[in-house]
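**Student:** Sharing a structure below in structure tokens format, with a few things to ask.
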Amino acid sequence: MRIKGLLEDLSSAKRFNDFAREVANTKVEGIKPRERGTKGNVHEATALVLASDWHIEERVLPQQVANRNKYDLDISAQRMTRFFEATRYGLVFNRQIFKIRDLVLWLGGDFITNYLHEDNVQSNLLAPVEAIAYAHASIVAGIHHLLGDKELERIVIPCNDGNHGRLSKKVNSATRIENSLEWLLYKMIAESFKNEPRVQFLIPESVQTYLEIYGRTVRFTHGDSVNYHGGVGGVTIPIYKALANWNTVRPAALTCMGHFHQLTSLNDLIINGSLIGYNPYAMGIGARFEPPAQSMTILDPLRFKSISMPLWVGSREDDVNTKGRR
């Protein structure tokens, strides 16, 4: 009986590996304009939503961050729910002006904190494998919630792994994907929707993922490949240096990244915020305070980057507490 069980496990593993290879080799068609002009003064558009830097199992105690934030498993669950609800709300709100039939939902990494540092082993509320399972269940439930929007004809999900979900001590350039728990997470999520034709995945095979939207190239990358150690001018200076180099390899009209927990929207660059919000690490390096938020941008065929809006995921009690402020 034990041998039979092992053979069944091996068979399941083989099916998963076969599916993983199939997803990796699947070419996802970009988003093309369906119509020229307007109908009833409503313009066609695509919603681009960024999800990254959730750190769902990390704990933040109020006394660690001057009472400006609190984060635990209950709060991370609440904020994940708010994120997917806010995405649905954003679609409905922007349909007053645009006809939105496509959603690009970027899964950008650092969904878990992992045992990246020694203090994470002591303070994290879940072990890495438990955190991955938690992230899987939460994101799958959220995508099902988005599919409840019957006007959405397609959800395209480009993915990038973050620097926190790695198995290796350092980020490896050549074997980054092979050492990423989040790469496995994305494969698991994709398998959950293998029979749903409205959902398509772009699983990372390198540090950057590309998607064509209305004839323009959009680049997705977690952001940890940009070296930034503080300094006058902020994070955009080293990012734009990196963009200039990346564009010599493959030009992109828009680059989307996370990692820095600084919600920023510029003409050709979007930096995502975070779900966890302000934490002891941010305070320790002297980062500016920012409430937890993710990003939604409306892209239209003519002007491309049209409307940018934050998706607020925190409650006032745990992200804008003014206690102790001057």
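The values are calculated or read from the model by the stated rules, or taken from the named source; none is laboratory data. Quick caveat: nothing in here was measured; it's all calculated off a predicted structure. A quick note on method: Cβ atoms are made from the backbone with ideal geometry, for glycine too, and the neighbour counts reach across all protein chains shown.
**Student:** Here is a check on your reading of the model: is Thr217 of a type outside the set (D, E, K, R) and either touching an Asp or Glu at 6+ places or on another chain (Cβ under 6 Å) or closer than 15 Å to Ser52 by Cβ (or both)?
**Tutor:** On the way: of a type outside the set (D, E, K, R): yes; either touching an Asp or Glu at 6+ places or on another chain (Cβ under 6 Å) or closer than 15 Å to Ser52 by Cβ (or both): no.
Spelling it out, it is not the case that Thr217 is of a type outside the set (D, E, K, R) and either touching an Asp or Glu at 6+ places or on another chain (Cβ under 6 Å) or closer than 15 Å to Ser52 by Cβ (or both).
**Student:** Taking into account only those residues within the stretch 202-211 that are touching a residue at least 40 places away in the same chain (Cβ under 8 Å) and not β-branched (Val, Ile, Thr), which is farthest from Asn245 (Cα to Cα)?
**Tutor:** Checked the stretch 202-211; the qualifying residue farthest from Asn245 (Cα to Cα) is Leu202.
**Student:** Could you tell me whether Tyr214 is hydroxyl-bearing (Ser, Thr, Tyr), at positive phi and in contact (Cβ under 8 Å) with a residue 12 or more places away in the chain? Break it down into steps so the answer makes sense when it comes.
**Tutor:** On the way: hydroxyl-bearing (Ser, Thr, Tyr): yes; at positive phi: yes; in contact (Cβ under 8 Å) with a residue 12 or more places away in the chain: yes.
It is true that Tyr214 is hydroxyl-bearing (Ser, Thr, Tyr), at positive phi and in contact (Cβ under 8 Å) with a residue 12 or more places away in the chain.
**Student:** Going residue by residue through the stretch 219-232, is there one that turns out to be touching a Leu at 6+ places or on another chain (Cβ under 6 Å) and at negative phi?
**Tutor:** No, there is no match, as no residue in the stretch 219-232 is touching a Leu at 6+ places or on another chain (Cβ under 6 Å) and at negative phi.
**Student:** Can you tell me which residue among Asn41, Asn67, Asn94 is farther than 23 Å from Thr221 by Cα, modelled with pLDDT of 95 or more and over 19 Å from the mean Cα position of the chain (by Cα)?
**Tutor:** Answer to the selection: Asn94.
**Student:** Just wondering, is there one or more residues in the stretch 167-180 that are in a helix (DSSP H, G or I), touching a strand residue (DSSP E or B) at 6+ places or on another chain (Cβ under 9 Å) and under 24 Å from Gly273 (Cβ atoms)? Talk me through it step by step, then tell me what you get.
**Tutor:** Taking the stretch 167-180 and keeping what is in a helix (DSSP H, G or I), we get 177-179.
The next check asks that each one be touching a strand residue (DSSP E or B) at 6+ places or on another chain (Cβ under 9 Å); those that pass are 179.
Filter once more, so that each one left must be under 24 Å from Gly273 (Cβ atoms): none.
Scanning the stretch 167-180, I find no residue that is in a helix (DSSP H, G or I), touching a strand residue (DSSP E or B) at 6+ places or on another chain (Cβ under 9 Å) and under 24 Å from Gly273 (Cβ atoms), so the answer is no.
**Student:** Output the residue which, of all residues in the stretch 257-282 that are assigned to a loop (DSSP other than H, G, I, E, B) and without any contact (Cβ under 8 Å) to a residue 60 or more places away in the chain, is nearest to Trp246 (Cα to Cα).
**Tutor:** Taking the stretch 257-282 as the starting set, the residues that turn out to be assigned to a loop (DSSP other than H, G, I, E, B) are 258-263, 266-268, 272-279.
Filter again for without any contact (Cβ under 8 Å) to a residue 60 or more places away in the chain, leaving 260, 262-263, 266-268.
Values: Phe260: 19, Gln262: 21, Leu263: 22, Leu266: 17, Asn267: 17, Asp268: 13 Å.
For the stretch 257-282, the residue satisfying everything is Asp268.
**Student:** Please pick out the residue among Ala131, Ala137 that is within 27 Å of Ile177 (Cα to Cα) and surrounded by 23 or more Cβ atoms within 10 Å (Cβ to Cβ). First the steps, then the outcome.
**Tutor:** On the way: Ala137 fails: surrounded by 23 or more Cβ atoms within 10 Å (Cβ to Cβ).
Only one candidate qualifies: Ala131.
**Student:** Can you tell me which residue within the stretch 70-114, out of those that are among the hydrophobic types (A, V, I, L, M, F, W, C), assigned to a strand (DSSP E or B) and in contact (Cβ under 8 Å) with a residue 60 or more places away in the chain, is surrounded by the fewest Cβ atoms within 10 Å (Cβ to Cβ)?
**Tutor:** Going through the qualifying residues, I end up with Phe98.
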